[in-house]
Each structure stands twice: as C-alpha cells, then as structure tokens.
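Colleague: Questions regarding the structure given below will be posed in turn.
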Amino acid sequence: MKRLFYGERVRLGAFHPEDAVALARWDQDTDYSRYLDSAPAVPRTEAKLKRWMDEETRGSAVFTFAIRTLDIDLLIGFIQIDGIMWNHRTGWVAIGIGEAEYRGRGYGYEAMQLALQFAFDEINLHRLQLTVFSYNLTAIALYEKLGFQREGIMRDALLRDGTRHDMLMYGMLRHEWVR
C-alpha cells in the first residue's frame, strides 16, 4: 500500500507551533504574497499565524498540510484543500512554496500530486478547482502539467502596481487525474 503523504522528496504533514516563524518570514517576501493571494501583501505576526494554523485544522471542509522536505524535514510551503461541498464532492485547492530556493524545482509538483491523491482517493472528491493570476506563469505551467483544465478567465480582476491582470480559473475532475 502506498504511503499516503510521502513522495520522493517531500511529505505532507501537520503544522507545528514553531512553524509560525517561517510563515511570518514568508509574509515578508512580497513575491510570495503577490503570487499567493489577491489580498494586499501585509505581513502577519507569529501569533496571528499560530491562530491561523490552529483554526485551519478544525473544520470538516478544510484540510491544510505543511509541505516538508524528506531529507532535512524543512518546512517549505503549504497546501490547502478547502471550500469543500460534501454533497457535491467538490473543493478548492491552493499551494504556496514559501522558501524561495525551493520554487520552480519540482517540489510543488510533487506536493500537489500528493494532495490530488488525498483529494480523489482518500476523501473521495469528484472535482478540485483553483484560481491563478495570469502573471504567475510558473504556477500555470504546474497546474497544466498536473492535468488541470483552464475553465475561465475573470478579466482585469486584479490590480497590481497600476496594471490590471486576469484571474484564471482551472478545474480537474477525478477521471482526469493522472496518478
């Protein structure tokens, strides 16, 4: 039987209280913040991030995982499956690689594969969806490589540094997932 949360280089696991230090450091990286969220890039305190980590583990429609390297057990990012509507078996997925030196090197791809396995095999979802900003070409390539299909465009949905950007909608159905 396959180990559910373990890949070749990363594993998905729980957050630890001391992880708030890394999360707060990532919030200082505006590249990270501006690729991850449409909200203003605002640093959060360790206390606020500890509350977030605690709150994200309470609901039955949210699964939040820390992404850690297998070799040195370093926290490099997170994956979240949320907004689950159990009656429809649908949910949203988001990923953030906070450690800059681990971006664009396949760690996010491997972590997303583990999250997709969890979503489709363990909690039996039928559909996952996500949004991505049109300027996040690395993430778009990742999602398309994983098999997500572009389903729509929210034109000029985001204003950054005086320039408008589109928000793209992607989705994947269980039968489209390539294990």
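What follows is calculated from the coordinates using simple rules that are stated; it is not laboratory data. None of the values given here were measured: they were computed from a predicted structure. Please note: Cβ atoms are built from the backbone with ideal geometry, for glycine as well, and neighbour counts cover all protein chains shown.
Colleague: Using every pair of alpha-carbon atoms in the range 10-127, split the distances into 5 Å bins beginning at 0 and state the percent of pairs per bin, rounded to integers.
Modeller: Once binned at 5 Å, the Cα pair distances of the range 10-127 give 2, 11, 20, 24, 21, 14, 6, 1.
Colleague: What number comes out for the charge environment of residue 109, summing +1 per Lys or Arg and -1 per Asp or Glu over other residues with Cβ under 12 Å away?
Modeller: Numbers: positive: 9, 103, 105, 145; negative: 8, 110, 144.
Summing Lys/Arg as +1 and Asp/Glu as -1 gives +1.
Colleague: Using the Karplus equation 6.51 cos²θ - 1.76 cosθ + 1.60 (θ = phi - 60°), what ³J(HN,Hα) coupling, rounded to whole Hz, does each residue of the range 147-158 give in order, writing x for Gly and Pro?
Modeller: x, 5, 9, 5, 10, x, 9, 9, 5, 6, 7, 10
Colleague: Sorted by average packing, counted as other Cβ atoms within 10 angstrom per residue and highest first, what order do 36-46, 116-126 take?
Modeller: With the highest mean Cβ count within 10 Å placed first, the list reads 116-126, 36-46.
Colleague: Now for a separate question. At 0.36 nm per residue, and after removing the present C-alpha to C-alpha distance, how many nm does the segment from residue 41 to residue 173 gain when stretched out fully?
Modeller: 44.3 nm
Colleague: Would you please give the residues with an amide H less than 5 Å from that of residue 126, counting only those at least 5 places away or on a separate chain, with H modeled from the backbone geometry?
Modeller: Amide H to amide H, under 5 Å and 5 or more residues apart or across chains, residue 126 pairs with 90.
Colleague: Also: Can you compute the helix-only [θ] at 222 nm over the chain? Use -39500 (n - 2.57) per DSSP H run of at least 4 residues, normalise by all residues, nearest 500 deg cm²/dmol.
Modeller: Value at 222 nm, helices only, nearest 500: -7500 deg cm²/dmol.
Colleague: So, one more: All other residues with a Cβ under 14 Å from the Cβ of residue 141 taken together, and with Lys, Arg as +1 and Asp, Glu as -1, what is their net charge? It would help to have the intermediate numbers written out before the result.
Modeller: On the way: positive: 103, 105, 145, 150; negative: 144.
Overall, the nearby charge balance is +3.
Colleague: In the chain, what percentage of the DSSP-assigned beta bridges are antiparallel, given to the nearest 5?
Modeller: Within the chain, antiparallel bridges account for around 90 percent of the total.
Colleague: Something else: Can you check what the net charge comes to around residue 153, using other residues whose Cβ is under 15 Å from the Cβ of residue 153 (Lys, Arg +1; Asp, Glu -1)?
Modeller: In short, -1.
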